[in-house]
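Below is one structure, written out as structure tokens; comments come after it.
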Amino acid sequence: MDTHQNSASYLRQTPLQKSDEQWRQELSPEEYAVLRQAGTERPFSGEYWNSHTQGLYQCRACGAELFTSTTKFDSHCGWPSFFAPLAEERVRYIKDRSMGMERIEVRCATCDSHLGHVFEGEGYDTPTDQRYCINSVSMKLVPVADGE
């Protein structure tokens, strides 16, 4: 059972509201481009695409806990891949028809920042047969301390 499930930040009815200027002040230009403008970092360039460090992945914009290293897997696509979020209420989904295809965009449910996309039915040997393809710049890894 998820012990963080009842955290007030996840019971929020509407996403955290900040002005565009506030986001620009708080985020680096690359973070802003991905998180607030739904950009994508280049494949094989992000700090977590090949990371095997155990820990918790938080939204880089607001700190919401989104994914855990126990659901991360090597998909060899160039971005961090997870087979499930920490809990469904931590993310929200939007149909994305950009780039001449239909995809499902994944956003942080707390601050509405763009994280990446989720794909199904690709044949990965995971419990969900889903691949949450998430930009490294959208997240911050909080490593598990030794002995935890």
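The values are calculated or read from the model by the stated rules, or taken from the named source; none is laboratory data. Predicted model, so just to flag it, every value in this text is computed and none were measured. Positions of Cβ are generated from backbone atoms using ideal geometry, with glycine treated the same way; all protein chains shown enter the neighbour counts. Note: accessible area is taken over every heavy atom of the protein model, side chains too, but ligands, DNA and RNA are not part of it. Shrake-Rupley method; radii C 1.70, N 1.55, O 1.52, S 1.80 Å.
Ranked from largest to smallest solvent-accessible area, with a 1.4 Å probe on the protein heavy atoms, ASP112, ASP20 come out as ASP20, ASP112. Cα centroids of the range 109-131 and the range 40-89: 10 Å apart. A Cβ-based charge dipole, computed about the Cα centre of the chain with Lys and Arg at +1 and Asp and Glu at -1, lands at about 400 debye. Using the 1.4 Å probe convention, the accessible area of the chain works out to 55 Å² per residue with neighbouring protein chains retained.
Taking θ = phi - 60°, what integer Hz values does the Karplus form 6.51 cos²θ - 1.76 cosθ + 1.60 yield along the range 17-22, in sequence order, with x for Gly and Pro? In residue order, the calculated couplings are 9, 9, 6, 4, 5, 4 Hz. Accessible surface of ARG107, taken over heavy atoms with a 1.4 Å probe and every protein chain present, rounds to 50 Å². Dipole magnitude for the range 56-128: computed about the Cα centre from +1 point charges on Lys and Arg Cβ and -1 point charges on Asp and Glu Cβ, it is near 240 debye. Within the accessible area of the chain, the carbon and sulfur atoms contribute 48%, probe 1.4 Å, all protein chains present. Listed by chain and number, the lysines whose C-alpha is less than 22 Å from the C-alpha of LYS140, apart from same-chain residues fewer than 8 away, are LYS18, LYS72. For the chain, the relative contact order is 27 percent, taking Cα pairs closer than 8 Å that sit 6 or more residues apart in sequence and dividing their mean separation by the residue count.
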